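The values are calculated or read from the model by the stated rules, or taken from the named source; none is laboratory data. This one's a predicted model, so the numbers in the text were calculated from it and none came from an experiment. FYI the Cβ positions are ideal-geometry reconstructions off the backbone, even for glycines, and counts take in every protein chain you see. Note: accessible area is taken over every heavy atom of the protein model, side chains too, but ligands, DNA and RNA are not part of it. Shrake-Rupley method; radii C 1.70, N 1.55, O 1.52, S 1.80 Å.
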Amino acid sequence: MNNDHTRRRRPMLACAAAAALLGGCASFSPDGGFGTVSDLTHERTGQPATWQRTQGDIDQAQARVAALLNQPLSADSITEIALLNNRGLQARLAELGVSEADRVRAGRLANPRIGFGQMRGGGSTEIDRSVMFDILGLLTLPVASPLAQRSFERAQLQAAADAVDVAHHARRAFYEAVAAEQLAHYQAQVQEAADVSSELAHRMQQAGNLSQRDRLREQAFAAEARAALVQSRQQALAARERLVRVMGLPQAPATLALPERLPDLPAAPHRPKDVEQTALERRLDVQMARRSTESTARSLGLTRATRFVNVLELGYANKSSTGQARENGYEVELELPLFDFGSTRAARAQALYMQSLHETAEVALNARSEAREAYAQYKGSYDLARHYRDEVIPVRQRLSQENLLRYNGMLIGVFELLVDAREQIASVTASITALRDHWLADTRLQAALATPLSPPPQHPNPTESQP
């Protein structure tokens, strides 16, 4: 009797041992898989990403942010601050931990279920005991675990994509804030000169040396200059707040040391090779689409393999009653395909796979188009900014010098000289705007190609003409 009992239990003990062995294979990685995310981010932005999972990580990041804020800021330091301190990014990075937990769970067998029941009546007691294992989970573990691993890899790509997006957003906000501050500073100079001109016109009109019409013209220009100054300061404030938000700061520090001017135009534009192929190889959205399609395809294969077995559980059970020998045996639960033979699931998986194929193709086509568009915009913005730097501003400066000579020779009056100065305002403003648009296009090109371009100069060339 004991030998029979032992033979009956051997399969169940072997099953339990195998389940325990396989269930303990999957484990958490030391860094939560974030090393890959940080490397992907660094390759595409020049700055590594950080994931703050402990109070020590947060304290270290805050110390680094404080040190960077006490220094003159650049596009690179702003990007580093954003990657360290942006709360929305840290919240999205937490999804990586959720995905890793799912990966580990998929690599482990579900916990066994123990059943116990007792019934009394007629002077006897009946006790049922059972231990149930998820046999289907055990059989599909070699397939489900790789699927979960691919899902985790896709989560890593998504986390890196989120970090890269924050980095590019920070660079755009930096260039917009510096340009807005530069325009506001220039507009303040214009407004100051306009007030002087208006006061001079008022005195000359009182002395009978200027008509009321000319005096009103100067007064109107001064009023418009004050309105333009108010508008430019509002735009500078809004741009600074956008920069503060992407850096994750509670408010703009009083010592936020932005540069006074935008970086100078590079000596030559970037000429990346084969922008379309670069985008397809390096863009994270393209890689995620590919991984998604591969995962869907493998899921389709799994569905076909198990389409007729939805639930299959196997376990050891025994039953004992008062005054009777204990009964041992097995218990199997099987869902029979009486109404749904799996055709609906197979059709759904096939449709999902075709959907994923078309979505991947769309992502790839959009990536190629965006790369071409970004490079065309970058090249055009560079040419325009260079045109203002090399043609428009120098001509305006030479014209001003000629008018100053004519004024010194008493060939023109002071108001003719002021009119020439006012005509320069639109050219200088357009020049600053064109330079800003170039650096924004530079950032967009980096995003479209998923690769950092060569770093721009951080300080203006003192020998170059200042607008």
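Brief remarks follow.
- Alpha carbon centroid spacing (whole Å) that separates the range 425-441 from the range 373-398: 8 Å
- Calculated FRET value between Asp128 and Thr344, using beta carbons and R₀ = 30 Å, to 0.05: 0.25
- Accessible area per residue was computed with a 1.4 Å probe on protein heavy atoms; Glu80 scores about 40 Å².
- Label-point separation, Glu276 to Asp57 (7 Å along Cα→Cβ), nm: 4.1 nm
- Full-extension gain in nm, Gln189 to Glu359, via 0.36 nm per residue minus C-alpha separation: 55.9 nm
- Virtual spin-label span in nm between Arg87 and Leu404, 7 Å along Cα→Cβ: 5.2 nm
- Multiplying the residue separation of Gln71 and Thr36 by 0.36 nm and subtracting their alpha-carbon distance yields 9.6 nm.
- Inter-site label distance for Val98 and Gln212 at 7 Å from Cα along Cβ, in nm: 7.3 nm
- Highest average first, the peptides 428-441, 28-41 ordered by how many other beta carbon atoms sit within 10 Å of their residues are 428-441, 28-41.
- Portion, in percent, of the accessible area of the range 44-113 that falls on carbon or sulfur, probe 1.4 Å: 50 percent
- Heavy-atom accessible surface of His387, to the nearest 10 Å², is about 90 Å², with a 1.4 Å probe and all protein chains retained.
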